[in-house]
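Written out below as structure tokens is the structure these notes cover.
The values are calculated or read from the model by the stated rules, or taken from the named source; none is laboratory data. Just so it is clear, the structure is predicted and the values come from calculations on it, not from any experiment. Virtual Cβ from ideal backbone geometry, glycine too; neighbours counted across all protein chains shown. Surface areas here come from the heavy atoms of the whole protein model, side chains and all, with no ligands, DNA or RNA. Shrake-Rupley method; radii C 1.70, N 1.55, O 1.52, S 1.80 Å.
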Amino acid sequence: MIELDEIIGTYHRARAEHGERYPFAEEKRRWRRIDKLTEQLAQEMRKLRRETPWSDPDPLLPNRVLDVLWELHMRVQARLAWLDTSRAFRGTQNPYREALYSGVLRVWTEHLNGKLQYSRNKQGKPTGPLVRFFAACVEPILGEETPREGVADIIDRESNRRAKHSV
């Protein structure tokens, strides 16, 4: 799960390097530039792949390079998505944590085809596959600060945020 890895890594780096002030615009420009350069290199490698004869000492080199470039492209896309999400939370109490939550929920819906829904047990506590997935992703990062009862609120906030942006 490249995207989940990027979400978690970016959360840690942002908190460590910038505290509560993160240079979103500058970082976004940097990652767009990296993506553009990656695409240019991939175009050249695709040309090279077509032109490389089987008699070449390493005829599969272009394929291996393209595999690495594809992974880089996917990581860049995940980073850009995180930056977009983080920017949306700049007015919140802890924008990095909110972006982490949103990123984990995005992986749930976009990559695992899950729904932003949960149920409640007899004691009224949130439960279900999404709640367990969320806890499994966030608890190793936040430890004791992992939200328990508040998971339902986090899911509801994300659902409302997405509803507002889809209109």
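Below are the figures for this structure:
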| quantity | calculated |
| --- | --- |
| Length released on extending from GLN40 to MET74, taking residue separation times 0.36 nm less the Cα-Cα span | 10.7 nm |
| Solvent-accessible area per residue for the chain (1.4 angstrom probe, square angstrom) | 63 |
| Total charge dipole magnitude, the chain, about the Cα centre, Cβ charges on Lys, Arg, Asp, Glu only, Debye to nearest 20 | 580 |
| Formal net charge of residues neighbouring GLU139 (Cβ-Cβ distance under 11 Å; K, R +1; D, E -1) | 0 |
| Whole-percent carbon and sulfur share, accessible surface of the chain, 1.4 Å | 51 |
| Estimated Rh, the chain: Kirkwood, alpha-carbon pairs, angstrom | 18.1 |
| Shape of the range 116-167, Cα gyration tensor, a/c cut at 1.5 | oblate |
| Principal-axis tilt of helix 151-166 within the chain, Cα atoms, nearest 10 degrees | 60 |
| In degrees, nearest ten, helix 129-142 long axis to first principal axis of the chain (Cα) | 80 |
| Label zone at ASN113 (point 7 Å along Cα-to-Cβ), backbone N below 14 Å, the range 135-167 | none |
| Selected from SER102, LEU61, LEU142, residue furthest toward positive end of dipole (the chain; charges at beta carbon) | SER102 |
| Computed [θ] at 222 nm, deg cm²/dmol, the chain (DSSP H ≥ 4; -39,500 (n - 2.57); rounded to nearest 500) | -23500 deg cm²/dmol |
| Degrees separating the helix 61-88 axis from the principal Cα axis of the chain, which is the longest one | 30 |
| Spin-label pair ARG13/LYS47, simplified geometry with 7 Å Cα→Cβ offset, distance in nm | 3.0 |
